[in-house]
Amino acid sequence: MISDYPGSVDVLTQRVHCEREKLLRIAALITDVVDGDARFLPTARHYDSLARDLATELDGIAALAAGRKGDTISWDRLNRLLERAEKVVIEAQCFLESVLYRVHLLDRGSGDAADAFLAYLGAGSQVRHRIVTGMSAGSASINHTLDLVRLPFPAVTVWDLPVVAHEFGHHLVRELRHVSGNDERPLKRFTQDNLAAEVRFRKGDPQASADADAAKLRLEETAADAYATYTLGPAYAYACLVLRVDPTRAMRSPTTHPSWCRRIHLAAAVLRAIKRRTGRQQYAQAADCVEALWRSMTDSPPVAPRTAAHVARHADVLVECLARHAHDALYDAGSRPASIMECLTADGEVSLPSGTTPAHVVNAAWSWRLGEWDRFSALGPRVNARALKLICSTSGP
């Protein structure tokens, strides 16, 4: 027989203890698995700091509950904190799985190539905060709890990297700093200004405020699309069209994303905006190629003039923003992809053209894939392996 049942404070205190121990146990597990590997140490330390901060907050809630005898406030605070802790635990599990996978070379080195690619993107955007990579059963995505980009399981390919650049674009919405060094976030300002304009336009519409969150997400997608195109040229649109777009649904607009029709036309508009800014015809030619692939894949009608004008305005604003605050991130269109394509299929060691970057390698890989469509099944794995190796060798300063 139980003679003395626990009260509310007792239960809350014990729950705090269990959650606290779980967080610290995971931190210790990560430290053991990472085992000093320099590739993963920054994230292990970051998680350890997060876990200890959450443990301290849990202790504070237990102390508060003891003083208040387990009132509603204590339980509300605990529940909110547990929601935050759950996100950290989920990302920690994803990170741990990725570390084990990579340490045992089950990804065949693709994780190192993805890290090198993200380091290249960060350097071009002058974002020093390190992005972490993990594995995902789905497509690439980003979570801001640990700033973790989930890569496709079982291994990221060179064909996936443009989508990884898009996910990095979401990171830039939060992290890209003003060129003057102040605390303003230019891409975030773009989303805020356009959201405010939409709210003003729909003033009096009872549904407007309910739609605001979805509109904010769509604007962030637009900013991330523009960045991925700015830094990777046509390869981003190629990757979307070949790997992600369903031509039969390209005109549909999900709640949180613009339609694929609008997104692909934004990519072309960004390339044309870069051409106007730089005067280099290669960007307009790249836009022509993107639009040609779109027409080849879909039977969608042309974009309405009003929509096209709206997309072009967004492209102009975002290119101006990126040119000012992330100038070094611009993809340097030129003649390199043709010579790099030869390197992707050559036997033995190769000598890349001077100034080759990971962005050039990705574009060359996509140009090869589109130009050698019938040979992709046979030669694709070899080209991918060579491309990932070249990305690792060209990602340095």
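The table below lists the values:
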item	result
Test result for Ala312, within 25 Å of the chain's Cα centre (by Cα), modelled with pLDDT under 95 and hydrophobic (A, V, I, L, M, F, W, C)	yes
His325 over 24 Å from Val290 (Cβ atoms), in contact with a Leu (Cβ under 7 Å, 6 or more places away or on another chain) and not small (Gly, Ala, Ser)	yes
Hey, Ala268 over 24 Å from Ser141 (Cβ atoms) and modelled with pLDDT of 90 or more or not	yes
Matching option when the condition is surrounded by 13 or more Cβ atoms within 10 Å (Cβ to Cβ) and in contact (Cβ under 8 Å) with a residue 24 or more places away in the chain, among Leu100, Leu82	Leu82
Within segment 1-112, helices (runs of 4 or more DSSP H) holding 1 or more residues that are in contact with a Gly (Cβ under 9 Å, 6 or more places away or on another chain) and farther than 22 Å from Pro152 by Cα	8-34, 72-103
Residues being of a type in the set (Lys, Arg) and either surrounded by fewer than 12 Cβ atoms within 10 Å (Cβ to Cβ) or without any contact (Cβ under 8 Å) to a residue 24 or more places away in the chain (or both) - total across segment 36-79	4
Filtered residue count, segment 315-357, keeping only those that are closer than 13 Å to Leu390 by Cβ, in a loop (DSSP other than H, G, I, E, B) and modelled with pLDDT of 90 or more	2
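The values are calculated or read from the model by the stated rules, or taken from the named source; none is laboratory data. Because the structure is a prediction, the values reported are computed rather than measured. Neighbour counts are summed over all protein chains in view; Cβ atoms, including those assigned to glycine, are modelled from backbone coordinates with ideal geometry.
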